[in-house]
Amino acid sequence: MQYIADFHLHSKYARATSREMDIGGLSKGAKIKGLNLLGTGDFTHPKYFLEIKNKLKEIADTGIFSYDDIYFILTCEVGTSFVAGNKIRRIHHIIHAPSFEIVEQINEALSKCGNLSIDGRPMFNMSAVELVEVLMEISKDLMITSAHVWTPFFSVFGSKNGFNSVEECYGDQTKHIFSLETGLSSTPDMNWRLSSLDKFTLLSNSDSHSTNPWRLGREANVFELKKLTYWEIIDAIKKKDKSKFLFTIETSAEYGKYHLDGHRNCNVSLEPGETKKLNGICPKCRRKLTIGVLHRVEELADRVEGYIPKEFIPFKKLLPLYEIISSVTGVNQLYSKKVIEEQNKLIDRFGNELNVLLNVNRDQLAKVTSEKIADAIIKVRENKVRFHAGYDGNYGIPIFDNSTLVKQSLVDQKSLTDF
């Protein structure tokens with residue numbers, strides 16, 4: 001059976017999240033999107049963990065849980081803040097666990113390092129090495145994924161406080177890290193340019209703060225498993241088993257909020273080469289630019305663009321249906337009733353959003369929606385969309401024709417620095 005999984009998301013107990021981000025809301029949102037396997041998110045938060053325990057039904061001896069026909073794995077994201085190389089480093093990590101008992105041990109151990117009730121995504125004053133050591137002492141069955149590894153803030157390679165290698169961050173505990181999350185502003189092929197990352201498996205998740213289909217599952221992982229168990233999934237990830245781990249779903253890197261360098265207050269976005277000529281200084285306000293993901297990849301890459309490693313998991317690029325319809329119709333706002341109605345019409349007819357985006361042919365789409373929207377969905381599927389790339393907290397804007405290029409982001413959303 002095929003499982004489409006989004007492991008990294010948050011609950012209503014994390015900052016800047018929807019009140020619908022609980023087990024019931026996530027299950028409902030997953031069905032609309034077309035996901036059937038979710039991470040719980042935020043299991044370190046006492047109130048949310050109580051809800052998880054009360055609502056999820058454990059499937060015996062599998063490490064998998066269920067609610068309303070949606071499967072769950074116990075997950076959370078935590079942050080570590082520490083000094084290394086005379087620099088403050090703030091790194092996010094995703095923890096995957098196979099049982100309530102192990103999560104209880106994790107929460108007990110981490111409660112000694114900080115207040116777990118403050119935020120669903122807690123930050124601890126400890127190094128990444130120390131975090132992994134604590135977790136591995138609890139259980140070797142845990143999987144620790146380094147989160148959104150290229151994002152300027154809170155990541156291994158981030159331009160604001162990151163490192164130049166995974167090993168610099170995790171030290172001798174790198175032996176326990178075998179998965180990295182690409183994040184919205186990078187795609188696997190960008191990561192393939194670093195030979196040092198060949199030994200890691202690349203995962204893609206939404207980091208969603210909302211159950212809406214333009215957030216939940218916008219990036220995901222697709223598995224084919226005879227039996228769904230926690231250990232089957234972890235093993236498929238660890239071994240890069242293409243017979244079980246089929247592909248990841250990505251948004252185009254240009255869609256991400258930190259793909260290019262820039263300064264959003266000045267409406268300045270720049271390619272890495274342009275930034276270098278300006279010595280990293282905004283040409284308008286003369287302050288430092290936010291260095292984006294593409295720039296960091298170029299700095300660290302030891303391979304040419306287009307290189308494909310021998311062992312890799314394939315990927316497919318998509319965009320949320322809302323974003324496609326919004327761009328094509330020129331409705332430059334979030335929560336537009338008109339766009340949501342058109343989106344829901346397609347979802348209701350074809351079962352879920354991912355089926356619309358991945359499988360439904362153009363003629364079938366055109367019977368339900370306009371020719372223009374049908375054509376745009378196929379263009380996304382065939383990777384024929386250009387972008388006004390995202391930068392410094394602004395999402396990228398898809399360009400389906402010259403008339404749809406606009407100056408402002410489709411979504412006015414807080415940047416990571418606001419959280």
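Where a number appears in this text, it was derived from the coordinates with a stated rule and is not lab data. On a predicted model such as this, the values are computed, not experimentally measured, just so you know. FYI the Cβ positions are ideal-geometry reconstructions off the backbone, even for glycines, and counts take in every protein chain you see.
Among 142-152, 8-18, 167-177, how do they line up from the highest to the lowest mean number of other beta-carbon atoms within 10 Å? Mind showing how you got there, number by number?
Details: 142-152: 25.2, 8-18: 21.3, 167-177: 17.5.
In decreasing order of mean packing, 142-152, 8-18, 167-177 become 142-152, 8-18, 167-177.
Long-range amide H contacts for His148: which residues qualify at under 5 Å (H placed 1.01 Å from N, peptide plane, sequence gap of 5 or more or a different chain)?
Long-range HN contacts for His148: Glu181, Gly183.
Among Arg362, Arg286, Arg89, which comes first, then next, by fewest other beta-carbon atoms within 10 Å? List each step's numbers first, then the result.
Numbers: Arg362 12, Arg286 9, Arg89 22.
Ascending number of Cβ neighbours within 10 Å: Arg286, Arg362, Arg89.
Please give the contour-minus-distance gain from Asp348 to Ser196: 0.36 nm per residue of separation, less the Cα-Cα distance, rounded to one decimal in nm.
Working: separation 152, 0.36 × 152 = 54.72 nm, distance 4.44 nm.
My answer for the length gained is 50.3 nm.
Would you mind pulling out the separation of the Cα centroids of the range 144-163 and the range 10-78, in Å?
Comparing the Cα centres of the range 144-163 and the range 10-78, I get a distance of 25 Å.
Taking the Cα centre of the chain as origin, sum charge times position over the Cβ atoms of Lys and Arg (+1) and Asp and Glu (-1), and report the length of that vector in debye to the nearest 20.
The dipole of the chain has a size of about 1040 debye.
Taking 8 Å as the Cα distance limit and 6 or more residues as the minimum spacing, I'd like the relative contact order of the chain as a percentage.
Values: 931 pairs, mean separation 65.0, N = 419.
Relative contact order of the chain: 16 percent.
Tabulate in residue order the Karplus-calculated ³J(HN,Hα) for the range 200-217, using 6.51 cos²θ - 1.76 cosθ + 1.60 with θ = phi - 60°, rounded to whole Hz; enter x for Gly and Pro.
9, 8, 8, 10, 10, 9, 7, 6, 6, 10, 8, 8, 5, x, 7, 10, 4, x
For Asn125 and Asp401, compute 0.36 nm times the residue count separating them, minus their Cα-Cα distance, and round to one decimal in nm.
Numbers: separation 276, 0.36 × 276 = 99.36 nm, distance 4.85 nm.
Value of the extension gain: 94.5 nm.
Under 17 Å from the 7 Å Cα→Cβ point of Glu224, by amide nitrogen: which residues of the range 1-42?
Counting backbone N atoms under 17 Å from the label point, the list is 1-5.
Quick check: pseudo-label points 7 Å beyond the Cα along Cα→Cβ at Phe312 and Asp172, how many nm apart are they?
Going from the Phe312 label point to the Asp172 one covers 3.5 nm.
Name the lysines eligible as straight-distance cross-link partners of Lys57: C-alpha to C-alpha under 28 Å, and not fewer than 8 places from it in the same chain.
Correct list for Lys57: Lys12, Lys28, Lys31, Lys33, Lys47, Lys140, Lys226, Lys227, Lys238, Lys244.
Starting from the 7 Å offset along Cα-to-Cβ, what nm value, one decimal, do you get for the label separation of Lys239 and Glu137?
So the two model labels end up 3.2 nm from each other.
With a 10 Å radius around each residue's Cβ, average the other Cβ atoms per peptide and rank 155-162, 263-270, highest first.
On the way: 155-162: 23.4, 263-270: 17.9.
Ranked from most to least packed, the peptides come out as 155-162, 263-270.
Using per-residue counts of other Cβ atoms within 10 Å, averaged over each peptide, order 120-128, 381-389, 207-215 from highest down. Display every interim value, and only then the final one.
Values: 120-128: 20.3, 381-389: 16.4, 207-215: 23.4.
Most protected by this proxy first, the peptides run 207-215, 120-128, 381-389.
In terms of modelled amide H atoms, which long-range or inter-chain residues lie less than 5 Å from the amide H of Thr251?
Leu318
Toward the positive end of the charge dipole of the chain, about the Cα centre and with charges on Cβ (Lys, Arg +1; Asp, Glu -1), which of Phe43, Gly351, Ile177 goes farthest?
Value computed over the given set: Gly351.
Rounded to a whole number of µm²/s, how large is the Stokes-Einstein D of the chain at 20 °C and 1.002 mPa s, given Rh as the Kirkwood radius over C-alpha pairs?
Values: Rh = 21.7 Å.
Diffusion coefficient, whole number: 99 µm²/s.
Taking +1 at the Cβ of each Lys and Arg and -1 at the Cβ of each Asp and Glu, which of Trp231, Pro188, Asn86 sits farthest along the dipole of the range 2-254 towards its positive end, judged by Cα position relative to the Cα centre?
Pro188
Taking the beta-carbon count within 10 Å as an exposure proxy, list Leu278, Leu318 from fewest neighbours to most. Don't skip to the answer; put the middle values down first.
Working: Leu278 14, Leu318 25.
Listing Leu278, Leu318 from fewest to most nearby Cβ atoms yields Leu278, Leu318.
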